[in-house]
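Peer 1: One structure coming up, written as structure tokens, with questions to follow.
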Amino acid sequence: MKHLFEFLVSLMMIGMWPGVFGCSGDSKDSVASDGNSDTDTDADTDTDTDSDTDTDIDTDTDTDTDTDTDTDDGQSSSDNSDSGAFVDSDSEEPAIADTAKAGTDTDTDTDTDTDTDTDTDTDTDTDTDTDTDIDTDTDTDMDTDTDTDTDTDGDAAALELQDMDGVCVISGVLESANANYTGEGYLNGTNVSGAGIEWTVVAASAQTVRLEWRFANGGGAARTAEVKVNDGDAVGIEFADTTAWDTWQTLRQDVSLSEGKNTIRLAAVSTDGLANIDLMTIWGSGISVGQCDVAPANDPAVIRITDKVPGWASMNGGTTGGGNDLGAAVTVNTMAALQSETSNSDPKIVLVEPGNYMGGFEPAGNKTIIGIGPGVKITGYLKLSGSGHSNVIIRNIAVQGERCNSLDECKNGDDAVYVGNDAHNVWLDHLDVSDGQDGNCDVTRSGDFVTVSWSKFYYTWAKEHRLSNLIAGADDETESDGKLNITYMNCEWGNMVDQRQPRGRFGNIHMLNNYHHTGGSQIHGVGLDMALIAENCVYQENGSIWTDMGSPRGWKGIGNIGSASGLNDSRGSVFTIPYEYEALPASEVVSAVTASVGGAGNTATFEP
């Protein structure tokens, strides 16, 4: 027994029996190391608490008591064995009966009791505890961070600003031509230096936040930009080339927000413009969407980039033109420059100086074109034909058709202003339109969501063909069925207009606060499947304001005044006006519409 105890102690001293005192396995922290300049504060410390205490104490006490009773000399022997953690039940060997010869005690005890304890109790619990938590936190974050990992840094909450959420200023449009965006579309900025997007957010406290943009850049090269918060310093960032416009990556930048309202402006620093922006995520605490500064109500004498689009053009997602970021606006003073600056569909604001611009003008979509004062005149025509000429705002410009020399030449000539062939979301405001060879301002062939406001229609000479405003050119123009939603508001039909104020088919037409004093033979010609509502208008005309042109849906007069008949008659069914508006009392219409400053026509002044 003594020898056994000493043996056990020696084993413990040289460390060959680790299980006895429960030595725990090593625990190593797997700390993610971000191999670039972006210090990843995500401390991924994997503390392995696996302390594998082996309690297998092999004290194999052998209870085999081998008492050999020698009947010859009365002596006995007692043999002890150990027992282990696995309790071994060793069988006791039977006593061997010795045969003694008389007088001679030869008791040869062959009981060698070789009690071979096979309980080797080899403890194979190697407990290698291979910790496979490699935690390779490979952060591809370059801090122009084109990595696709969404590093939700534990304690920060995410505010996602998608589509137009929080956007108060934009030089560009929301579009959906390229795939794999996440909301209704993505923001496509104007490709000029300084063009940008401005979001407004509110922070519950002053703090540093992380901005993360999901972007696509298929332009073939990185695009540089600046991000600026409030009046702070601009920080340069770079949108990597993603190889295609439908391939999206993320870019991150840390910025400081003040407590309360903050503006975050992202702007291009080259003529390449920005990447397309799918959404911006803000990682911070207590961040919410802010309210944009409220623009003053539209003043007919003053044109502002923030003026609210009225009427049908405000529907179908709205009409934004080239956006409202004047930092990216360009100014022109020749027809060549005007045509060049509006030749592609990139969002753009174009300011036109007073002067005479000769020829045809066919701007592409996503444009805001503003005459900066009275005296901006196009002699020729203005045409928006085709879906690629949609989302256009044109304000404060006069358009006069070129003179035609015969009835046939006039009928086959150009309209002074034309919208059609699926062009949609168009706002024409403060136009002075005269002497169109065919019509003054026609909308046909599935043109849609059009508002014509504060505009004036007339002729300066007594040509035969003086038919001002046509909506759909024929009863078999089936592509226009269900389209041609048009608002005419605060407009004037005057000198020498004979018919079509307007005359149409198919559409839903809202006439609001208009003034008619033409002396012509027809006012509203209501044709196939057309519905027209005339509200708070003034008709200093002879005869009825309504002419049935065959199978109209209906018409309705509300609050109209003047010398014409049928002013407030109703017939058939009309439509529910889907947008908000404020109607002037009919008694105030004439003075408002004919004002020399701010009245219908090219009478306003642009105010930055």
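Peer 1: Roughly what % of Cα-Cα distances in the stretch 266-325 sit above 17 Å, to the whole percent?
Peer 2: 65
Peer 1: For the stretch 420-573, what % of the accessible area comes from carbon and sulfur atoms, probe 1.4 Å?
Peer 2: Carbon-and-sulfur percentage of accessible area, whole number: 42.
Peer 1: Over its Cα atoms, what ratio of radius of gyration to 2.2 N^0.38 Å does the stretch 524-608 give?
Peer 2: 1.28
Peer 1: Let me ask you something else. Considering only protein heavy atoms, what per residue accessible area in square angstrom results for the stretch 527-594 with a 1.4 angstrom probe? Before the final figure, lay out each step's value.
Peer 2: On the way: 3210 Å² over 68 residues.
About 47 Å² of surface per residue is accessible.
Peer 1: Checking the a/c ratio against 1.5 first, then a/b against b/c, what shape does the Cα gyration tensor give for the stretch 544-586?
Peer 2: Since a/c reaches 1.5 but b/c is at least a/b, the shape of the stretch 544-586 is classed as oblate.
Peer 1: Here is a further query. With a probe of 1.4 Å, find how much accessible area the stretch 411-525 has per residue, and write the answer as a whole number in Å². Spell out each step's value before the answer.
Peer 2: On the way: 2960 Å² over 115 residues.
Computed with neighbouring chains in place, this is 26 Å² per residue.
Peer 1: Taking all pairs of different Cα atoms in the stretch 348-443, averaging 1/r and flipping that mean, what Kirkwood radius in angstroms comes out?
Peer 2: It works out to 13.3 Å.
Peer 1: Report the Cα-based extents of the stretch 258-368 along its three principal axes, largest first, to the nearest Å.
Peer 2: Reported extents, whole Å, longest axis first: 57, 35, 27.
Peer 1: Something else about it: With N set to the residue count of the stretch 453-519, report its C-alpha Rg divided by 2.2 N^0.38 Å to two decimal places.
Peer 2: 1.18
Peer 1: Suppose all protein chains stay in the model; what accessible area per residue would a 1.4 Å probe give for the stretch 259-337, in Å²? Provide the component values of the computation, followed by the final result.
Peer 2: Numbers: 3260 Å² over 79 residues.
The answer is 41 Å² per residue.
Peer 1: Sorted from largest down, what three extents in whole angstroms do the Cα atoms of the stretch 373-414 have along their principal axes?
Peer 2: The Cα atoms of the stretch 373-414 stretch 34, 30, 8 Å along their principal axes.
Peer 1: If we restrict to alpha carbons, what Rg and Dmax does the stretch 434-559 come to, in Å?
Peer 2: When restricted to Cα atoms, the stretch 434-559 yields Rg and Dmax of 13.2, 36 Å.
The values are calculated or read from the model by the stated rules, or taken from the named source; none is laboratory data. All values derive from a computational prediction rather than experimental measurement. Surface areas here come from the heavy atoms of the whole protein model, side chains and all, with no ligands, DNA or RNA. Shrake-Rupley method; radii C 1.70, N 1.55, O 1.52, S 1.80 Å.
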